[in-house]
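The values are calculated or read from the model by the stated rules, or taken from the named source; none is laboratory data. Predicted model only: the values in this text are computed from it and were never measured. Note that we place each Cβ from the backbone using ideal geometry, even for glycine, and neighbour counts take in every protein chain shown. Only protein heavy atoms, including side chains, enter the accessible area calculation; ligands, DNA and RNA are left aside. Shrake-Rupley method; radii C 1.70, N 1.55, O 1.52, S 1.80 Å.
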Amino acid sequence: MASPDILIIGGGIAGLSAAAALSRHARVAVLEAEEQIGFHSSGRSATMVHYALGDRLVRALTLASRPFFGDPPENFREAPLGRRTPVLVHARDDEKEALDRLDAEISLFAKLEQLDAAGVHGLCPLLKEDAHYGIADLDGLRLDPHALLQGNLRELRANGGELHLGARISQVERQGDAWTIVSEKGERFSAPILVNAAGSWADAVAELAGVAKLGLEPKRRTIVTFDAPAGTDLDHLPFTKTIGDELYFGAESGRLFASPMDEVPSEPCDAQPDEYEVALAAYRMEERTTVEVRQVHSKWAGLRTFTRDRHPAVGFAADAEGFFWLAGQGGFGLQTSPAVAAITVSLIAGDPWPVADVSSEELAPGRFASQHA
């Protein structure tokens, strides 16, 4: 039986970033059900670092994570973690008030440029003429999820930690002062602390362990790619988003990508794109831009898992000794992973609290557990 100090279920960005950080303090093993890391969510994300996502808490976690991406530890420097990409949020006349509110909220965290119609179309020539207003974060960052995942894995292994792929669990039980896990292959693992970073399956893991569920809500998001109009300068195209949660698009491997920002309730699964959302992405792209989507070249979907208040659950369960929740990152898991990993280390290993503008109470899983016992 493998007996580390900490077992982490889930090899997405939440589990791996926490594992890398915790491995500096303890012996850590990560159990991932699939045969590759980041399979269901982390590897299927548009992976921007931007402040138009979420609320104050999400923005504070993003801001606290940003220095890591600019100056990462040695084991993360094999490949760049991202590249500078402006973020543009645009609005029509009837959306100006909503844009002003968002501007006021984001300005607390990032320096923004306020744009008129000429500025909007100068930054993104693909938008239709009715895009009269915009705010731009010229310091936006497009993350490379593969580089970030692999950097965390290198850090974990450099510190003696382990990753077990294809380790889909079948039993979870507290025995004495340790959690014992049995995989479907019959592998056995035991540790005093169990970190539940299983993404859309986190409630299922809790149920196996006899721990009260949080009522997590997996939701499907769809992305499609297609050709850009001839002459489009893809190298300087911003990540572009409507003021409402209607559409975002940007450059992707010599083409354009777009998402209708769908949030379709789903069971935990290997999410596949639905033809309605694929068509909706093309429709909204043509409604908001001058681009004609003649052919969808590729399409994919991933699951983004939310708590009821859309804040992550990070902390020990109130009803089970040594059971630690690390779940509900929604669509911001990659861009907040350094800060959330540091918070995890603080709560488990006792490091100083790393994010002054976020409290442990705001993240505590106990705010949900009693409602879903």
Grab the beta carbon distance between Lys213 and Asp177, set R0 = 25 Å, and tell me the FRET efficiency rounded to 0.05.
-> 0.55
Between helix 13-22 and the chain: long-axis angle, C-alpha atoms, 0 to 90°, nearest 10 | 50
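When N counts the residues of the chain, how does its alpha-carbon radius of gyration compare numerically with 2.2 N^0.38 Å, as a ratio?
Values: Rg = 20.9 Å, N = 373, 2.2 N^0.38 = 20.9 Å.
This ratio for the chain stands at 1.00.
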Sorted by chain and then number, the residues having a modelled amide H within less than 5 Å of the amide H of Thr305, at least 5 places away or on another chain, are Lys219, Gln329, Gly330
Length released on extending from Arg101 to Ser253, taking residue separation times 0.36 nm less the Cα-Cα span = 51.4 nm
How big is the equivalent ellipsoid of region 206-298 along its three axes, where each semi-axis is √(5λ) from the Cα gyration tensor, reported in whole Å from largest to smallest?
-> 32, 13, 12
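In deg cm²/dmol and to the nearest 500, what is the mean residue ellipticity at 222 nm of the chain if only DSSP H runs of at least 4 residues count, each as -39500 (n - 2.57), divided by the residue total?
-8500 deg cm²/dmol
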Using the Karplus curve 6.51 cos²θ - 1.76 cosθ + 1.60 with θ = phi - 60°, work out ³J(HN,Hα) for each residue of region 356-364 in order, rounded to whole Hz, and write x for Gly and Pro.
-> 5, 8, 10, 9, 5, 5, 5, 9, 4
Using θ = phi - 60° and the Karplus curve 6.51 cos²θ - 1.76 cosθ + 1.60, what whole-Hz ³J(HN,Hα) does each residue of region 242-253 get, with Gly and Pro shown as x?
-> 6, 5, x, 7, 10, 7, 9, 8, x, 8, 8, 6
Can you pull the accessible area of Ser359 for me, 1.4 Å probe, Å² to the nearest 10?
-> 40
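Only bridges with both residues in region 1-140 count here: give the DSSP antiparallel percent, nearest 5.
Counting only bridges with both partners in region 1-140, antiparallel ones make up about 65 percent.
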With springs only between Cα atoms under 10 Å apart, run a GNM on the chain and tell me which of Arg304, Arg83, Arg142 wobbles the most.
-> Arg83
To the nearest Å, what is the center-to-center distance of region 315-373 and region 139-167, using C-alpha atoms only?
-> 20
Please build a GNM for the chain, connecting alpha carbons under 10 Å apart, and tell me which residue among His146, His121, His297 fluctuates the most.
-> His297
Taking a spot 7 Å from the Cα of Glu361 along the direction of its beta carbon, which residues of region 319-343 have an amide N less than 18 Å from it?
-> none
Translational diffusion coefficient (Stokes-Einstein; Kirkwood radius from C-alpha pairs) of region 1-144 at 4 °C, 1.567 mPa s, in µm²/s | 73
Can you give me the Cα centroid spacing of region 1-71 and region 219-234 in angstrom?
-> 27
From the phi of every residue in region 269-282, what ³J(HN,Hα) in whole Hz does the Karplus formula 6.51 cos²θ - 1.76 cosθ + 1.60 yield, where θ is phi - 60° and glycine or proline is x?
-> 6, 7, 5, 10, x, 8, 4, 5, 5, 4, 5, 5, 4, 5
To the nearest 20 debye, what charge dipole does the chain have about its Cα centre, counting +1 at the Cβ of each Lys and Arg and -1 at the Cβ of each Asp and Glu?
-> 720
Which residue, Gly210, Gly43, Gly350, tops the fluctuation ranking in a GNM of the chain built on C-alpha contacts under 10 Å?
-> Gly350
What do you reckon, how do Arg24, Arg59 stack up by accessible area (1.4 Å probe), largest on top?
-> Arg24, Arg59
So the angle from the long Cα axis of helix 56-70 to the longest Cα principal axis of the chain, reported in degrees to the nearest 10, equals 90
Give me the aspartates and glutamates in straight-line cross-link reach of Lys213: C-alpha distance below 19 Å, same-chain residues under 8 apart excluded.
-> Glu173, Asp203, Glu267, Asp309, Asp319, Glu321, Glu361, Glu362
Quick one: length gained pulling Trp300 to Arg84 fully straight, 0.36 nm per residue minus the C-alpha distance?
-> 75.3 nm
Roughly how tilted is helix 96-106, in degrees to the nearest 10 and between 0 and 90, from the longest Cα axis of the chain?
-> 40
